[in-house]
Each structure stands twice: as C-alpha cells, then as structure tokens.
Amino acid sequence: MDVRPRRVALAALVAASSLLLAACDGGSDSASGPGKASDSGGKKGKGAPSVPAAITADQAQQALVAVTDLPAGWKLEPNTGLDKSQGGEDQLVNGSRPECAPITAVLNTGRLEEDHKANAQVVFTKKGDQTTVAQDVSGYERAVAEKAMAGLRTAVEKCAAFDAKENGKKATVKVKKPAGQQQKYGDESVSYAVSVVIGDMQMDFDLGTVRSHGAITTVLNNYPDHGDRGKDAFAKALTKATEKLTAAAAKTA
C-alpha cells in the first residue's frame, strides 16, 4: 500500500477529504442508535452541559497507537499517512461496484466516510522489512458512523471479489472474512482481509475497523510475500487502538 507524506498537520485535518468513491449505506438502518446529533447534543436540564457530537482533532490524536504499544523492531514513519486522495486520481483504487465502495474508501484514505469532523493517522514499519502497520482515527456524528459501519459490513459480506483499476491498470480486489467467531472490539467491529491483484503483483492487507460512539478507527497491516507478516503487531495495535478510541469517545454523544 502506498503511504503518503502528510501535506498539512494532522490536527488541521478536520475538513472533508475528496474521495473518488463515497461509502454506500449498505441497506442497513441505524434506528437502534441515538437520535440526530443535534438532539443528542441538547441539554437534559437547565444548566446541564451539552454533549459533543464528535471527537475533536486533539482526541483523534490521543486515540493513535504509539510505537511503544508495538513489539520491538518497529519504528514510526514521521509525517506519513495513508490518505492518497490528495494525490492524482490514478493513485486511487477505483471499484466497479457501488456496494463495495467502503472497501475502496479504506484503501484510498484509511477511513470510511468523507464527512468526518476530525482525523488523525499514523504509520509504522518493521525495521529491515516491508511490513507496514498503520492506523486511521476519524470522528463523526454517531448516526453517520453507524451508517458507515453498516455499509462496511455489507461490503465485506457481498464483495468477495470485484473489478477495479489502480494507476490506470486493471485490478481485482478480493475480500475475505476471518474464519470462525470474530472477536468484538468497541461498540462494534469488522475484521477482514483484502488483496489487490494487478497483473503479477499482489498487495495483501489485514484490517480491523472499530466504532466507539461516533468515532471509528481502522488498523491496517500491509505485509510482503516474505519476512514478518506483522500479525503480532497488528493484533496488539488493534487492541490498543480500541482502548484509546473508547477513552477518546467516552464523553461524546
């Protein structure tokens, strides 16, 4: 996976990024969640403080995994992020099926929805290897986050394989669910693996996406054909990312 130098400070990434593909709603409703964010932010009684609808940029930063949370041998890639949407369109993965858009959105930007209120990203690499563990944290109003997760769940269920293009070349994107019972993280989570095949080249990813309140984090493990797959670091990062995301989102709607 391409990782890109950040062009602006992460704390300033509060405006919506331009995505080629918007996440679809996947036909799932969010009626089980709370009402509109404008309602949840209202006062319960006279003088009661309002509840923030989404995490702040500072809280998104606080939800990032640190290099000390990973096993030995990993290093932080400073000033680097996952978001390719600020580059040329030929760098994006363009899928052919709308219901698969959440998968391409994660591959292109690290996050599910363009309507985020706060965003932060971090990238780590294994010393002497080509393995990457990276994380995106994005804040939304809760109804938006629930809809985005429903769309992702639908995409993982229905998009076992779909045609795409990257850098003008024909690609096949394959999506696989882990076998057996999936561990739950946060309020809800989705675990999945993605392969992007372009000719004789294949890029492989393990991914875990977790929601707490209206905040969503995705942890990504991009591994090569040889060397350390990074499974241990990925598992530790996902557990720690959930813990930090839950703490950051605790006081939001």
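Laboratory data are not the source of any read-out in this text; all were calculated from the coordinates shown. What you see is a predicted model; the values in this text were computed from it and never measured. Note: ideal-geometry Cβ built from the backbone for every residue, glycine included; neighbour counts use all protein chains shown.
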Exercise. For a paramagnetic label modelled at 7 Å from the Cα of ASP58 toward its Cβ, which residues of segment 234-253 fall within the zone defined by backbone nitrogen distances under 20 Å?
Worked result: 244-253
Exercise. How much length is gained on full extension from LYS184 to GLN91, taking 0.36 nm per residue of separation minus their Cα-Cα distance?
Worked result: 30.2 nm
Seminar exercise, completed: Length-normalised contact order of segment 69-216, Cα under 8 Å, at least 6 apart, in percent, tallies to 22
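Return the inverse of the average 1/r over all pairs of distinct C-alpha atoms in segment 174-246, which is the Kirkwood hydrodynamic radius, in Å to one decimal.
Kirkwood hydrodynamic radius for segment 174-246: 13.1 Å.
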Exercise. Rounded if a/c is under 1.5, else prolate if a/b beats b/c, else oblate: with a ≥ b ≥ c from the C-alpha gyration tensor eigenvalues square-rooted, which is segment 45-184?
Worked result: oblate
Problem set entry | Sparsely packed chymotrypsin sites (Phe, Trp or Tyr not before Pro) within segment 43-142, loop by DSSP, other Cβ within 10 Å at most 13 | none
Seminar exercise, completed: Expressed in Å to one decimal, the Kirkwood Rh of segment 129-184 from all distinct alpha-carbon pairs is 14.4
Exercise. How high is the relative contact order of segment 168-253, in percent, counting Cα pairs under 8 Å that sit 6 or more residues apart?
Worked result: 24
Exercise. Is there a pair in LYS177/LYS244; LYS126/LYS174; LYS158/LYS236; LYS184/LYS231; LYS177/LYS236; LYS117/LYS176 whose C-alpha atoms are over 21 Å apart, and which pairs would that be?
Worked result: LYS177/LYS244; LYS126/LYS174; LYS158/LYS236; LYS117/LYS176
Problem set entry | Viscosity 1.567 mPa s, 4 °C: Kirkwood-radius Stokes-Einstein D of segment 119-253 over Cα pairs, µm²/s | 82
Exercise. Can you list residues whose amide H is under 5 Å from GLU188's amide H, if they're 5+ apart or on another chain and H is modeled 1.01 Å from N?
Worked result: ARG211
Seminar exercise, completed: Averaged over all viewing directions, the convex hull of the alpha carbons in segment 69-133 casts a projected area in nm² of 6.1
